[in-house]
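As structure tokens, the structure follows; a few thoughts come after it.
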Amino acid sequence: MVTWNIDAARHLLARCLFGYTRDDLRKALSYTSVDDFVGKQNLAKKVTVMTFSEFGRRVNQNGTNGTDHGTAAPLFVIGDPVRGGIVGAAPVLSDVDSNGDLKFKNDFRQVYASVLRDHLGVDASTTQTILGREFESLPIFRQAPILDAYEGMFSLGQNTPNPFAESTEIQFSINQAGTVRLALYDLTGREIIVLHDGRFDRGNCNVTVSGANLTAGHYLYSLRTDNGRQVKRLIKL
């Protein structure tokens, strides 16, 4: 049996696998957690963690009191660059396809596309080459790309996070300068808050909505431009 001095073994392993010095390894082993490492290295705005499982789960129990592999599963994206909240609606457990699988809301490759384009800065053409075809990105990261304009003129994004408690963010985009009015309404149509009203140059805008003075419930938000109007729903917890 061969015995090793643990410090020497770590040094050798680090040099063989990564080319690290002894001091590099000691520094790496001094961190108490991933958060500790990211914080001390000033990498918080650059690091994102994404979880992914190679299979989802079905709803119905199988013969061994478990569940079989399925097509839909949750996925988590974590980090300072992430906007937070839920993207997409929760699955309906009674709404399954002919194979008994849940109907997924977003293709997992949309998440990959979002990470590549909005976090890593990969251009659209290269992202399409990597994934085999074009996939629409999701509003996962704070610095989201300009929305595809509705009928070539404007677009209103879904607020994120949604539902929300303290605050949420609404994104809109217009393709030419004009008058823009963004407002929040209750379900009776009563105007609650005017979020933006006035001239807006061509481009993308993110508006933060505070939940401090809103009671829990469902609301509508409307974007009115010189070229039309779009309305979406948000939920305050």
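Please treat every number below as a calculation from the coordinates, not as lab data. Since the structure is predicted, the reported quantities are computational estimates derived from the model, not experimental observations. Positions of Cβ are generated from backbone atoms using ideal geometry, with glycine treated the same way; all protein chains shown enter the neighbour counts.
Ordering Phe141, Phe154 by the number of other Cβ atoms within 10 Å of each residue's own Cβ, fewest first, gives Phe141, Phe154. When the listed pairs Lys40/Lys236; Lys103/Lys232; Lys45/Lys103; Lys103/Lys236 are checked against a 30 Å cut-off, the alpha-carbon distance exceeds it for Lys40/Lys236; Lys45/Lys103. Loop-resident GluC sites (Glu not before Pro) (DSSP state other than H, G, I, E or B) in the stretch 113-221 with no more than 13 further Cβ atoms inside 10 Å of their Cβ: Glu134, Glu136, Glu151, Glu166. As a rough footprinting exposure proxy, the listed residues Phe135, Phe55, Phe37 were ranked by other beta carbons within 10 Å of their own, and the order from fewest upward is Phe55, Phe37, Phe135. Backbone amide hydrogens, once placed in the peptide plane, bring Ala72 within less than 5 Å of Gly56, Arg57, Leu102, excluding anything fewer than 5 places away on its chain. Residues Leu93, Leu75, arranged from fewest to most other Cβ atoms within 10 angstrom of their Cβ, appear as Leu93, Leu75.
Its Cα centre serving as origin, the stretch 154-236 has a Cβ charge dipole (Lys and Arg +1, Asp and Glu -1) of approximately 200 debye. Please identify the trypsin sites (Lys or Arg not before Pro) of the stretch 61-124 that satisfy two criteria: DSSP loop assignment and at most 11 other Cβ atoms within 10 Å. Which are they? In loop regions of the stretch 61-124 (DSSP not H, G, I, E or B), the sparsely surrounded trypsin sites (Lys or Arg not before Pro) are Lys103.
Dipole orientation for the stretch 173-217: of the candidates Cys205, Gly178, Ile192, Gly178 has the Cα lying most toward the positive pole (charges on Cβ; Lys, Arg +1; Asp, Glu -1).
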